[in-house]
Structure formats: structure tokens, C-alpha cells
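Trainee: Below: one structure in C-alpha cells.
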Amino acid sequence: MRKLRIIGAACTAAALAATGMAFAQSDGVDHAKADAEFAKFRAEMEDSNPAELFEMKGEELWKAKRGPKNVSLAESCDMGLGIGKLDGAYVKMPRYFADADKVMDAERRIVWCMTEKQGFSFDEIAKRPFASGNYTPDITSLVTFVAGHSRNMKFAVPIKDPKVKEAWEIGKEIAAYRAGPYDFSCNTCHGSDGKRIRMQNLPNLAKPEGAIKGVFGWPGYRMTGGVMLTSQWRMNDCFRQQRFPEPKYASDTVTYLLTYMTATANGQLYKGPGIKR
Amino acid sequence: MADPMKIRAQMKGDVCEIRVLMSHPMETGQRKDADGKTVPAHFIQNLTVALNGKTVVSGQTAGSVSRNPVFGFKVKGAKAGDKVAVSWVDNKGDKRTDETTVA
């Protein structure tokens, strides 16, 4: 009888999944076991993550004198801990930068350094900011390199800073903002426990243990297509999947969302650039 | 020129474990681009691993290997401090050799 009920629940689950909607788990699947299996797979892959290739490329770019002003980022770019200081910088971002008078995530900060210090054109960078096929933008390798310097450190976004706190609050609002043809918000799928789409468990970004799942694997190497992608890309793609207008590259909106997610994950371990299926 | 490889060689007991990450598009020659034109094949064809100058692995690969591939080898008779050199040649004649020391 008990078994039958479980099968019944699984059928309902399948029917709901077919409509493409996220729903609560009541499907008789052992999710803890499935998660453990996936963690094993991830650990195996992390051992030889091609993201390291992009870290190497990023290091080269970071140290090279480039751009119309012919300076290197290593000698000009402050990622929050002082010029050239990278250890632990990534896990302490987004943060407020007085020189730009903005809260910035790592990618946005590097873009700012590239335009302000090296003299690159923002419009040129923003033309094709994300990797596809054999193309990887320099900015992606640079972010991966910087993120690699925070491997095995804990997230510590300076949320006590009123400017960061404000960004966090706005990010929370954006996550709850329902709009678009499907009348979706981020929270529709990522705002409560136990949701999933098909077999993909969805983290609850409002809680620390969910938020860490949203941020810890980025930037990440996606095996499908073999491309290196950043959290800026991830946010952009969320908007696209929601059928929202896509945000401008390196804009406030994306930084606010990343502030909301990353600061909510504060105190938890960042393992470095990740690997995705 | 091709981007550098990332090589790790580590003694695990009396066996040396070598892991190599390569940066290569590994195009099969079967794919078509957005305009419907075939993307020309471009993949690593020959692969060699040398220990202190002596070839210990020699192999051929083809288009079925993924982009930015990872290879792993286990070699007996190596010791810490030995030089490991990995080389590849692709079907366009492009080549690359990188070295590391066994840890």
C-alpha cells in the first residue's frame, strides 16, 4: 500500500514536471543520495578542471601591459584590498569602491579597471562579453584568474557597509519582482525550499545554504560546449530564461542581485572556479 | 601559437600519476556553423609523454575527444625530480610541448 502511494506521488510529479513548473518534492526519490552522487561526480571533475587553463590565460592578461594607456592591471587595478592584491579579494566582493562611487562585483570591477586604467572602450568590451564556441573574452579569463586567488576561502562580503547593504536590499527586491510574459520572479523558483525543474534541484536563495549553491561554482567551466562562463553571464541568462529584457552588461541590476546572493552566502566556503555539466 | 598546457605529475606510492589539461578546440569536422558551412576539422592527432627524455606514452587521438581535453597517465619507475614533457601535434601541424617536474 505504502509503495503504491509512492508510485502515485511519482506519477503526479512526472505530470507536473511535464508542464515545466517547479514544485515541491514529494516524489519518493532519495534526494540526499542523489545529491551525494552528484557531489562525487563534481569532486572527480574538479580534480582536473579546464577552468585552470583560463586562470593561466587570465594571469598572462593581468600582468601584461595592455590597452591604449599601456599599463597592466597588476600595477593599476585595486580589487578592494589594494593595488595588485588579489588573495581573498573575490570572496569579499561585491563591495563599495569610492573611486567609482559604485558597488561592484569582481567582473564589473575588472571592466572598470580596463576602461579607466587601461583605456579600453566599454562599448567594445560589452559587444561580446560572454564566451561562446571557441571564443572566450579576455574579461572571462581575468575573472577566473582573480577568483582562483580566493580558492578555499570563506565568503565575506562587507555587508555592514551601508552602500553594500543598500545594494543587498535592492537585489532582494529585484529577486522578488514578478514580470514578463510568464509573470515570473527569481523567487518563483528560487525563493522557497524543495523546488525543482525536471531533475534539477533548485536552491532557495533566501537562505545561506541555498545562496551558497547559487554562487560557489562561478565562474564555471561548462562541459556542454566547453565554455568558461562567469556569474555575470549566469545572471544575464536567468533574465533571458524568464523572458525578461536582458540587463545591460556590468550594470547595477546584476551587481545588486549578486550582492544579494553572495552576501547571503557569507561565512561559507568558496572552492574556486567551478565545473558545470 | 597554441595556449600552454597545465601538467601535474605526482608520486603516489611507486607510481607516478600524470594529469594533463590541454587547451584545444578539438573540432570534429562534422559540425556546421550558423551559415550552414562545415566547420573544418581541427584536433590533436599525436600525443607523447616523455620521462627524462625517454618516451613512455605515445598515442593517437581523433575528433571524438572533447574540447580542452584532460588526460591522465600512470607511469612506473619514475621518482620525484624527474622531468615530464608532454607534446601534441594537431591535424593542422600546430604543436606544443610543455614540461614539469615530478613532485
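Values quoted throughout were computed directly from the atomic coordinates according to the rules given, and no laboratory measurement underlies them. On a predicted model such as this, the values are computed, not experimentally measured, just so you know. Using ideal geometry, Cβ is built from the backbone for each residue, glycine included, and neighbour counts are taken over all protein chains shown.
Trainee: Return the subset of A:LYS172/A:LYS248; A:LYS165/A:LYS271; A:LYS40/B:LYS12; A:LYS276/B:LYS6; A:LYS154/A:LYS213; A:LYS57/B:LYS37 for which the Cα-Cα distance in this structure is over 23 Å, preserving the input order.
Mentor: Numbers: A:LYS172/A:LYS248 19 Å; A:LYS165/A:LYS271 25 Å; A:LYS40/B:LYS12 21 Å; A:LYS276/B:LYS6 20 Å; A:LYS154/A:LYS213 14 Å; A:LYS57/B:LYS37 30 Å.
In this structure, A:LYS165/A:LYS271; A:LYS57/B:LYS37 exceed 23 Å between Cα atoms.
Trainee: Using a cut-off of 10 Å between beta-carbons, work out the net charge of the residues near A:VAL71 (Lys and Arg +1, Asp and Glu -1, A:VAL71 not included). Don't skip to the answer; put the middle values down first.
Mentor: Numbers: positive: A:LYS65, A:ARG66, A:LYS69, A:LYS117; negative: A:GLU75.
In short, +3.
Trainee: Quickly estimate the mean residue ellipticity at 222 nm for the protein assembly as shown, helices only: each DSSP H run with n ≥ 4 gives -39500 (n - 2.57), and the total goes over all residues, rounded to 500.
Mentor: Using -39500 (n - 2.57) per qualifying helix, the result is -10000 deg cm²/dmol.
Trainee: Taking the Cα centroid of region B:39-85 and of region A:82-100, what is the distance between the two, rounded to the nearest whole Å?
Mentor: 39
Trainee: Short version: ³J(HN,Hα) in whole Hz for each residue of region B:63-70, in order, from phi by Karplus 6.51 cos²θ - 1.76 cosθ + 1.60 (θ = phi - 60°), x for Gly and Pro, what are they?
Mentor: So the Karplus estimates, Gly and Pro as x, are x, 7, 7, 5, 4, 6, x, 10 Hz.
Trainee: When the expected Rg is taken as 2.2 N^0.38 Å, what fraction or multiple of it is the alpha-carbon Rg of the protein assembly as shown?
Mentor: Working: Rg = 23.0 Å, N = 380, 2.2 N^0.38 = 21.0 Å.
Against the compact-globule rule of thumb, the ratio is 1.09.
Trainee: What residue among A:ILE197, A:ILE212, A:ILE159 has the largest mean-square fluctuation in a Gaussian network model of chain A, using Cα springs under 10 Å?
Mentor: A:ILE197
Trainee: Follow-up question, since we're still on this one. With Cβ to Cβ distances under 12 Å as the rule, what net charge do the other residues near B:VAL86 carry (K, R +1; D, E -1)? Could the numbers behind the result be given before it?
Mentor: On the way: positive: B:LYS6, B:ARG8, B:ARG19, B:LYS83, B:LYS95, B:ARG96; negative: B:ASP98, B:GLU99.
Result for the local shell: +4.
Trainee: Once you charge only the Cβ atoms, +1 for Lys and Arg and -1 for Asp and Glu, what is the size of the charge dipole of the protein assembly as shown about its Cα centre, to the nearest 20 debye? Before the final figure, lay out each step's value.
Mentor: On the way: 56 positive and 43 negative charges, 162 e Å.
Taking the Cα centre of the protein assembly as shown as origin, the dipole is about 780 debye.
Trainee: For every other residue with a beta carbon closer than 14 angstrom to the beta carbon of B:ALA41, add +1 if it is Lys or Arg and -1 if Asp or Glu, then tell me the sum. Could the numbers behind the result be given before it?
Mentor: Working: positive: B:ARG31, B:LYS32, B:LYS37, B:ARG67, B:LYS92; negative: B:GLU27, B:ASP33, B:ASP90, B:ASP94.
Net charge around B:ALA41: +1.
Trainee: Here is a follow-up. Taking the alpha carbon gyration tensor of region B:6-101, what are the square roots of 5 times its eigenvalues, largest first, to the nearest whole Å? Before the final figure, lay out each step's value.
Mentor: Values: eigenvalues 192, 28, 19 Å².
Ellipsoid semi-axes (Å, largest first): 31, 12, 10.
Trainee: Moving on. Which listed residue (B:TRP88, B:GLN45, B:VAL70) has the Cα farthest towards the positive end of the charge dipole for region B:6-101, taking +1 on Lys and Arg C-beta and -1 on Asp and Glu C-beta about the Cα centre?
Mentor: Among B:TRP88, B:GLN45, B:VAL70, the one farthest towards the positive end of the dipole of region B:6-101 is B:VAL70.
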